[in-house]
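Peer 1: This is the structure I have questions about; it appears just below.
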Amino acid sequence: MRYEKPTTVEAASALLAGQGARVLAGGTDLLVQMKARVLSPDVVVDIKGIDATRKITKDASGYTIGAAVTGAELKEHPTLSKDWPGLVEAANLIGSTQVQGRASLGGNLCNGSPAADSVPGMIAAGAVATIAGPKGTRTLPVEDIMLAPRKLALTAGEFIVSFKIPARPAHGGDAYLRFIPRTEMDIAVVGCGVALALDASGTCTAARVSLGAVAARPLLVVDAGKALIGTKVDEAALAKMEAAARAACKPIDDKRGTVEFRIDVAGTLAKRTATIALERARKV
Amino acid sequence: MAKHHVTTTVNGDPVEYLCESEQSLLDCLRDELDLIGAKEGCSSGDCGACSVLLDGRLVCSCLILGVEAEGKNVETIEGMAQGEELHPLQRKFLEHAALQCGICTPGVLVAAKALLAKNPDPTETQVRYWLAGNLCRCTGYDKIVRAVMDAAAEMRGA
Ligand SMILES: Cc1cc2nc3c(=O)[nH]c(=O)nc-3n(C[C@H](O)[C@H](O)[C@H](O)COP(=O)(O)OP(=O)(O)OC[C@H]3O[C@@H](n4cnc5c(N)ncnc54)[C@H](O)[C@@H]3O)c2cc1C
Ligand code: FES
Ligand code: FES
């Protein structure tokens, strides 16, 4: 195995276009899989030498978060937790303090697990990935990146440089909850991210609901969002949203939960998550 | 493939070592630098026995490549005591019998020190969450948490 640490996106794409090349961000998935011999890359391309992958910038249009920024760094940012608390909480559920010191949003998404915690948080927030490759740069909404377990919409030589998170709407709030049988250090049985916006009268003008671990990929449940838009997010609207969330689930049976259990939890979790997002939206 | 020549700082001292691309930082510390304080429990990020600070950040050294330490600042358990004088956390771990076999202890101490640097007055809940990535098969955690709380109080001068 060869280790490379390029300092430009062009050099990184060129290396990644080669046979058996793999991105290294925080390594908390990659190194585990290399040790277990699930992956045996010929070249490991450490993207942390590229400035754009390691910084958070903010302007009027929102945040640009480098793909290799760690969960700990997200939490320490002076305003991100105020604007997008749900996204930061989702990223901070990943593993332990030690894992937080390394784990990145890009790695969480590109590891290709349907249960990745930060992904529903990013989808709900409307995050869009900036992807660099041999042919230049393109953007893709986060919900369109993972196709199936371990399968991504990235082509040879492509990698994610950063994520664009829009500016929080004037009366906007987001939240992420996951169901696990323990209180820490576990993989989501179901995860749910919700972001919504209200107008001055408290009517919902936009809502995005995303579910993790209930299908082959994290889902943007458009119908669940629609159930809230135009309402005051009252009990009736929440019940409709809950039903839409359940209807979108196509989970598997495994040791963490049965199909029926996951579908049931998804609805309940969506309702609880939306309620937190709503409280936050009302407060700002 | 030629080995990497890594120049880094460990516990304040400039050091150099040669390593293979796939060698972890934990292996480099233990096998190349003879710093065997950090332990290998799982090698998969689950147990925290290999905890070190990398540029001030608490991490599992088993999930970092040795080459990644180039130009960085690594702090291990070996840098905790000042000569013969134990760090307050180390002293409190002895007083409270917060260790039995001791395998988890270097990692727990490094993690606890990182917590107190960030938050000198943590609640018990904060201590428990912060240390959730440090597994201990012996103590049942209560004594560890008590020792950390007591050391924090002493270090605050309370
Ligand atoms: C003890 C432990 C507990 C964990 N708990 C959780 C948990 O609770 N929830 C959870 O969701 N995950 C968990 N994880 C998994 C892991 O920590 C996360 O998925 C993390 O976000 C991965 O980020 P990373 O930067 O370490 O990725 P890496 O390991 O560096 O990369 C992961 C994969 O993505 C690819 N990749 C990385 N960055 C990019 C990029 N920018 N562009 C293209 N491809 C890229 C890599 O090639 C690799 O295949 C846990 C891991 C450990 C070891
Ligand atoms: S040996 Fe690194 S976490 Fe267990
Ligand atoms: S003292 Fe034995 S594992 Fe903690």
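The values are calculated or read from the model by the stated rules, or taken from the named source; none is laboratory data. This is a predicted model, so every value here is computed, not measured. When we count neighbours, we look across all protein chains shown, and the Cβ atoms used for this are built from the backbone with ideal geometry, even at glycine. For accessibility, only protein heavy atoms count, side chains too; no ligands or nucleic acids. Shrake-Rupley method; radii C 1.70, N 1.55, O 1.52, S 1.80 Å.
Peer 1: Here are some conditions: (1) over 21 Å from B:H4 (Cβ atoms); (2) of a type outside the set (G, A, S); (3) within 13 Å of chain B (Cβ to nearest Cβ); (4) out of contact with any Ser or Thr (no Cβ under 8 Å at 6 or more places or on another chain). A:E10 meets all but one. Which one does it not meet?
Peer 2: (3)
Peer 1: Still on this structure: I need the strands (runs of 3 or more DSSP E) fully contained in the range B:40-149, keeping only those with at least 3 residues that are surrounded by 18 or more Cβ atoms within 10 Å (Cβ to Cβ).
Peer 2: B:51-54, B:57-60
Peer 1: Here is a follow-up. For A:S40, which of the numbered conditions (1) over 25 Å from B:S61 (Cβ atoms); (2) open to solvent by 60 Å² or more (accessible area, probe 1.4 Å); (3) among the polar types (S, T, N, Q) fails to hold?
Peer 2: (1)
Peer 1: Count, please, the residues in the range B:20-45 that happen to be within 13 Å of ligand 3 (Cβ to nearest atom) and within 10 Å of chain A (Cβ to nearest Cβ).
Peer 2: Qualifying residue count, the range B:20-45: 1.
Peer 1: Select from the range B:1-24 the residues that are in a loop (DSSP other than H, G, I, E, B) and of a type in the set (G, A, S) and write down the one among them that is modelled with the lowest pLDDT.
Peer 2: B:A2
Residue-by-condition table, conditions (1) open to solvent by less than 50 Å² (accessible area, probe 1.4 Å); (2) within 17 Å of A:A125 (Cβ to Cβ); (3) modelled with pLDDT under 95:
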site	(1), (2), (3)
A:R208	no, yes, no
A:R217	no, no, no
A:V233	yes, no, no
A:A237	yes, no, no
A:A245	yes, no, no
A:K255	no, no, yes
A:D264	no, no, no
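Peer 1: Which residue, of A:A52, A:A25, A:A17, is of a type in the set (G, A, S), closer than 25 Å to B:L58 by Cβ and touching a Gly at 6+ places or on another chain (Cβ under 7 Å)?
Peer 2: A:A25
Peer 1: Still on this structure, I have one more. So which residues in the range A:48-94 are in contact (Cβ under 8 Å) with a residue 12 or more places away in the chain, of a type in the set (K, R) and not in a strand (DSSP E or B), if there are any at all?
Peer 2: Of everything in the range A:48-94, those that are in contact (Cβ under 8 Å) with a residue 12 or more places away in the chain, of a type in the set (K, R) and not in a strand (DSSP E or B) turn out to be A:K48, A:R54, A:K55, A:K75.
Peer 1: Only one of (1) within 16 Å of ligand 3 (Cβ to nearest atom); (2) touching an Asp or Glu at 6+ places or on another chain (Cβ under 8 Å); (3) under 12 Å from B:V74 (Cα atoms) fails for B:S51. Which number is that?
Peer 2: Failed condition: (2).
Peer 1: Mind checking whether some residue in the range B:64-87 is within 10 Å of another protein chain (Cβ to nearest Cβ), within 12 Å of A:Q98 (Cβ to Cβ) and modelled with pLDDT of 95 or more?
Peer 2: Within the range B:64-87, one or more residues are within 10 Å of another protein chain (Cβ to nearest Cβ), within 12 Å of A:Q98 (Cβ to Cβ) and modelled with pLDDT of 95 or more.
Peer 1: Spot the failing condition for A:Q19; the list is (1) in a strand (DSSP E or B); (2) at pLDDT below 95; (3) among the polar types (S, T, N, Q), and only one is missed.
Peer 2: So the condition that A:Q19 fails would be (1).
Peer 1: Please go through the range A:214-268 and give me each residue that is closer than 26 Å to A:V128 by Cβ, of a type in the set (A, V, I, L, M) and in contact with a Ser or Thr (Cβ under 8 Å, 6 or more places away or on another chain), ordered by number. Walk me through how you get there before you give the answer.
Peer 2: Kept after step one, since they are closer than 26 Å to A:V128 by Cβ, are these residues of the range A:214-268: A:214-230, A:233, A:241, A:244-245, A:248-250, A:266.
Remaining after also requiring of a type in the set (A, V, I, L, M): A:214-216, A:219-222, A:224, A:227-229, A:233, A:241, A:244-245, A:248, A:266.
Across the range A:214-268, the qualifying residues are A:L219, A:L220, A:V221, A:I229.
Peer 1: Which residue, of A:R168, A:R102, is surrounded by 20 or more Cβ atoms within 10 Å (Cβ to Cβ) and closer than 27 Å to A:C204 by Cβ?
Peer 2: After applying the criteria, what remains is A:R168.
Peer 1: Let me ask another. From A:G157, A:G173, A:G86, grab the single residue that is within 11 Å of the chain's Cα centre (by Cα), open to solvent by less than 20 Å² (accessible area, probe 1.4 Å) and more than 14 Å from chain B (Cβ to nearest Cβ).
Peer 2: A:G86
Peer 1: Let me ask something additional. So is A:A52 away from chain B (no Cβ under 14 Å), within 12 Å of ligand 1 (Cβ to nearest atom) and closer than 13 Å to A:M122 by Cα or not?
Peer 2: No: the conditions fail for A:A52.
Peer 1: Hey, another quick one. Suppose the filter is within 16 Å of ligand 1 (Cβ to nearest atom), touching a residue at least 24 places away in the same chain (Cβ under 8 Å) and not aromatic (F, W, Y); does B:S24 pass it?
Peer 2: Yes; evaluated as a whole, the condition is true for this residue.
Peer 1: Quick check on B:L63: is it touching a Leu at 6+ places or on another chain (Cβ under 7 Å) and either closer than 13 Å to B:A111 by Cα or touching a residue at least 12 places away in the same chain (Cβ under 8 Å) (or both)?
Peer 2: yes
Peer 1: Here are the criteria: (1) within 24 Å of A:G133 (Cβ to Cβ); (2) buried (at least 21 other Cβ atoms within 10 Å of the Cβ). Tell me which single one A:L31 does not satisfy.
Peer 2: Failing condition for A:L31: (1).
Yes or no, residue by residue, for (1) among the acidic types (D, E); (2) more than 12 Å from chain B (Cβ to nearest Cβ); (3) at positive phi:
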position	(1), (2), (3)
A:A14	no, yes, no
A:G18	no, yes, no
A:L30	no, no, no
A:D46	yes, no, no
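Peer 1: Could you tell me how many of the residues in the range A:56-107 are more than 7 Å from ligand 1 (Cβ to nearest atom), under 25 Å from B:V59 (Cβ atoms) and basic (K, R)?
Peer 2: So the answer is 1.
Peer 1: Right, next: Kindly indicate which of A:T64, A:T79 is within 18 Å of A:I123 (Cα to Cα) and not basic (K, R). Even if it seems obvious, please write down each step before you answer.
Peer 2: Numbers: A:T79 fails: within 18 Å of A:I123 (Cα to Cα).
Only one candidate qualifies: A:T64.
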